[in-house]
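Colleague: This structure is in structure tokens; I'll ask about it shortly.
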Amino acid sequence: MVAYGYEKLGKPKPEGKPDQFIGKIYTVTSCLVEINRLKRELERARTVSADEEIAKINRDLDEWMSVAAELKQKFPALFEELLERIGEEENPEDSVNKLNRAYEEGDEAAKKLIREVSELCLDGFRETLGRIGVSYDSWDWESDFVWSNQVASVLNKLKKSPYLFVEGGVLEFDAEKVIRELGLRQRLGLRENYEVPPLTLVRADGTTLYTTRDIAYTLWKFEKAEKLINVIGMEQNLAQLQLKIALHALGCDRQADNLVHFAYNLVSLPGYKMSSRRGHFIAFDEVMDEAVKRAFEEVSKRSPQLPEKEKQHIADFVGIGAVRYALIEVDTSKPVVFTWDRVLNFEKNSAPYIQYTHARACSIMRKANRKPEKPAFGLLKEKLEHEIVLALASFPDTFIEAAEYLKPNLIAEYANALSDKFNTFYNAFPVIKAEPKELSDARLALTDSVHIVLRNALDLIGIVAPEKM
RNA sequence: GGGCCCGUAGCCUAGCACGGAUUAAGGCGUCGGCCUUCGGAGCCGAAGGUCAAGGGUUCAAAUCCCUUCGGGCCCGCCA
């Protein structure tokens, strides 16, 4: 869809961030194509069908017209240009489909065009993710699996099974039949009376669908790994289930059992949901920009004496850290309504709080300027000291649990709780000046341990552990 | 119509997989203290809850089962 719009515009050079530039084209193009489609649908419906359907189409059309009005106001030049170019076409939807078909068939021009647009988007994604310290070891092209015939090979195997049927020229996968014949209902944790709907594998024009390609992709990934964790939104629950059933149908039970769908819930905006097709979203770049901006204000307020450059440096890791913490802190299954307040916390139960605690421990070590030479740990008699020791000792268990149950929030929670304990300790007892020296040394060792464990915990969730801030 | 996820103080969340040491735990916000000590992005304290509602199982339920309500998602020749 977006490649279609991009080509109509004559493959313009991106202005600004490439993914955002392409994003605008996508939003406007998809809106115009949708309106065109609905209008044709409406004409067709008028000649044949009932009032009910006409009313439904009219409602959809109204909604998209208002989206169009919004987009026209936001990006007037782009909107006008695309409206004109797409307007020349009788059936833009058809052109999009044609392009898609050409791409799957390996047509050189289509390949070049679509890969070009995709690369532009990916460059933008990589830039954004780089800002928050995320990078990927490798990237794969779904289309490679089509061109290399891996998708065709999967389809051939499935065709030999009794689980495919053709309806209206479309190849369908009968997931329900697989469950019944292989007795998978319990294994998959499904209710007795729940019928899994069929999955369309191949369109009438011979092109494949996303989940079809995902079957081949998944099997390929299993050649490289024992366990697979697909991090995909929960709106894909059914598709992921069908994918797993398809693996069973292919006789790949081990792979199916080791395939985990790690579903996360959607983020919505107060009042409406995010939708890139409708241009309703907050870009992650914006979130980070705002976080760093607010962090800078905080730094300026708290440490006005620092040079500007130092403030900016601190604001960067504090702002980005706050965003990472906010994202990781909440269980992924919860529906989240986005508000700035929820992301930008600089007090307790936040990345900055833990970072501050870490810096504070480092500061004590700096100031002491000695190694704990003769620590007498038996002198650590305070209840709080015992609690800190126990908390430190439980870190490996927390790590294992977090990894085992895919709950990174446990690491954040742990670091926050350890910070609480250390800050209380810090406030109640002297470290450097404690008497006798053996006690001071023991407390220094404790402080050093807290610093190390906090650093490790922060590392795990990708948050900078600063020595000063 | 069917399926899945979520519902814990004004707000945001932990605990739920493995029911019991939980008098239901934190944070934000509110109110009151700490400002002579190693970094105040801190520390101490207070108020605030029928764990959505109703049934059931159990010696024991926020946790397990059923029903209802509220919010979200899915049931596409989209991805």
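The values are calculated or read from the model by the stated rules, or taken from the named source; none is laboratory data. In this text the structure is predicted, and so the values were computed from the model without any measurement. Cβ coordinates were reconstructed from backbone atoms using ideal geometry, including for glycine residues, and neighbour counts include every protein chain displayed. Remember, those area values only see protein heavy atoms, side chains included, never the ligands or the DNA or RNA. Shrake-Rupley method; radii C 1.70, N 1.55, O 1.52, S 1.80 Å.
Colleague: Filter the range A:346-360 down to the residues that are closer than 11 Å to A:GLY319 by Cα, surrounded by fewer than 23 Cβ atoms within 10 Å (Cβ to Cβ) and within 6 Å of RNA strand B (Cβ to nearest atom) and list them by number.
Modeller: A:PHE346
Colleague: Continuing with this model, one more query. Of the residues A:GLY233, A:GLY271, which is open to solvent by less than 30 Å² (accessible area, probe 1.4 Å), under 30 Å from A:ASP341 (Cβ atoms) and within 16 Å of RNA strand B (Cβ to nearest atom)?
Modeller: A:GLY233 is the lone residue from the list that is open to solvent by less than 30 Å² (accessible area, probe 1.4 Å), under 30 Å from A:ASP341 (Cβ atoms) and within 16 Å of RNA strand B (Cβ to nearest atom).
Colleague: Could you tell me whether the range A:369-389 includes any residue that is surrounded by 18 or more Cβ atoms within 10 Å (Cβ to Cβ) and more than 24 Å from A:GLU435 (Cα to Cα)?
Modeller: No, that holds for no residue.
Colleague: Could you please find all residues in the range A:249-294 being assigned to a strand (DSSP E or B) and closer than 30 Å to A:GLU34 by Cα?
Modeller: Across the range A:249-294, the qualifying residues are A:ALA263, A:TYR264, A:VAL267, A:SER268, A:LEU269, A:TYR272, A:LYS273, A:SER275, A:HIS280.
Colleague: Okay, moving on. Does at least one position in the range A:278-294 carry a residue that is open to solvent by less than 60 Å² (accessible area, probe 1.4 Å) and near RNA strand B (Cβ under 9 Å from one of its atoms)?
Modeller: No, the range A:278-294 contains no residue that is open to solvent by less than 60 Å² (accessible area, probe 1.4 Å) and near RNA strand B (Cβ under 9 Å from one of its atoms).
Colleague: Mind checking which residues of the range A:185-220 are away from RNA strand B (no atom under 11 Å from the Cβ) and at pLDDT below 95?
Modeller: A:ARG185, A:GLN186, A:ARG187
Colleague: Kindly indicate whether any position in the range A:175-184 is within 13 Å of RNA strand B (Cβ to nearest atom) and assigned to a loop (DSSP other than H, G, I, E, B).
Modeller: Checked the range A:175-184: no residue is within 13 Å of RNA strand B (Cβ to nearest atom) and assigned to a loop (DSSP other than H, G, I, E, B).
Colleague: Looking at (1) buried (at least 19 other Cβ atoms within 10 Å of the Cβ); (2) among the hydrophobic types (A, V, I, L, M, F, W, C); (3) over 30 Å from A:GLY5 (Cβ atoms); (4) under 21 Å from the mean Cα position of the chain (by Cα), which one does A:VAL330 not meet, given that it meets all the others?
Modeller: Looking at each condition in turn, A:VAL330 falls short on (1).
Colleague: Let me ask something additional. I'm trying to understand the selection: among the residues of the range A:141-174, which are within 13 Å of RNA strand B (Cβ to nearest atom), in a loop (DSSP other than H, G, I, E, B) and more than 16 Å from A:LEU199 (Cα to Cα)?
Modeller: A:TRP141
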